[in-house]
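What follows is calculated from the coordinates using simple rules that are stated; it is not laboratory data. This structure is a prediction, so every number in the text was calculated from the model and none was measured. As a convention, Cβ positions derive from the backbone with ideal geometry for all residues, glycine included, and neighbour counts pool all protein chains shown.
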Ligand SMILES: C[S@@+](CC[C@H](N)C(=O)[O-])C[C@H]1O[C@@H](n2cnc3c(N)ncnc32)[C@H](O)[C@@H]1O
C-alpha cells in the first residue's frame, strides 16, 4: 500500500454538520472520508456508513478503527492528494445522506460537477470556501508563505500553493478553491434545491445543502 501522507488530524465534523442536518438516520456516505472523522465524532452506526477516499492508507486506518463500516478506495487523480492517480471513479452506493467536509473546498470547477453527478443521495451536505468570507480566506492564506491576495469579485478562483490561478496544475502541494456563494448556488441548481449556510462558530468553511428529491 502506498502511504501518500499522514492521516487527517481529528476534526469533529459530525458537530459541524449537525448545525445543518436534523437527523442522521439512514445510509450515510462520507465522500473524502479520510480515516473517518465523521464516524469518530458522532453517534453514527458504522454499519450504515461508507467512507470513500483516494488515500488508501487513511482508509486502512479507518477500517482498523471501524471494521463494521464500508471503506471504498478509488485512485482518482488530484493535483495534491493523488498526483499519480487516474480518471477512475468508484461506484458509489445509493444512500440517504452524503457528507463531505473539506473535500470540495479542494476541488476545481469540473471536479465539483463531475463528483456531484456520481453521488446518489437524497440530501448532500458539503463544505466549501466562500470567497467573501475573509476569515476563511485568511485562514487558508496563513498556512502558506507569502501567498497572493484572493480577489473577492471572482465567481471562483483557485489558490495553488501560494499563487492565484484559474488553471489546475499537474501537481502541487496545496490546492483550495474559493467560490462566490450566489454563483455556486446557481451552478448547483441542476442537482436539486440548493441552500448555502455560513460557517458555525469557530469553523471557517461554509456549507451547501442539496435536496435532490
Ligand atoms: C482536507 S481532507 C478532509 C478529510 C475528512 N473529510 C475530514 O474532515 O477529516 C480532504 C480529503 O479528501 C480526499 N480526496 C481528495 N480528492 C478526492 C477524491 N477525488 N475522491 C475522494 N476523496 C478525495 C483526500 O485524500 C483527503 O482525505
Could you line up 118, 65 from fewest to most neighbouring Cβ atoms inside 10 Å? 118, 65
Compute the orientation-averaged projected area for the range 97-213 from the convex hull of its Cα atoms and round it to one decimal in nm². 7.0
Under 8 Å for C-alpha pairs, at least 6 residues apart: give me the relative contact order for the chain, rounded to a whole percent. 17
Given the DSSP H assignment, sum -39500 (n - 2.57) over each helix run of at least 4 residues in the chain and divide by its residue total; what's the result at 222 nm in deg cm²/dmol, nearest 500? -5500 deg cm²/dmol
With a bin width of 10 angstrom, please list the P(r) values of the chain as percents of all Cα-Cα pairs, from the 0 bin to the one holding the largest distance. 8, 36, 40, 16, 1
Taking the Cβ of each residue in 176, 152, 145 as the centre, tally the other Cβ atoms inside 10 Å and list the residues starting with the fewest. 145, 152, 176
When a footprinting reagent is the concern and you count Cβ atoms within 10 Å, what order do 80, 207 take, fewest first? 80, 207
Is the range 1-116 rounded, prolate or oblate when judged by the Cα gyration tensor, a ≥ b ≥ c being the square roots of its eigenvalues, rounded requiring a/c under 1.5 and prolate requiring a/b larger than b/c? prolate
Once a ≥ b ≥ c are taken as the square roots of the eigenvalues of the Cα gyration tensor of the range 130-169, is the result rounded (a/c under 1.5), prolate (a/b larger than b/c) or oblate (a/b not larger than b/c)? oblate
Using a basic spin-label model with each label point 7 Å from the Cα along Cα→Cβ, how many nm lie between residue 139 and residue 72? 2.8
Length-normalised contact order of the range 1-84 in % [C-alpha pairs under 8 Å, at least 6 apart]: 29
Which translational diffusion coefficient, to the nearest whole µm²/s, is obtained for the range 55-144 from the Stokes-Einstein equation, given a Kirkwood hydrodynamic radius over C-alpha pairs, 25 °C and 0.890 mPa s? 163
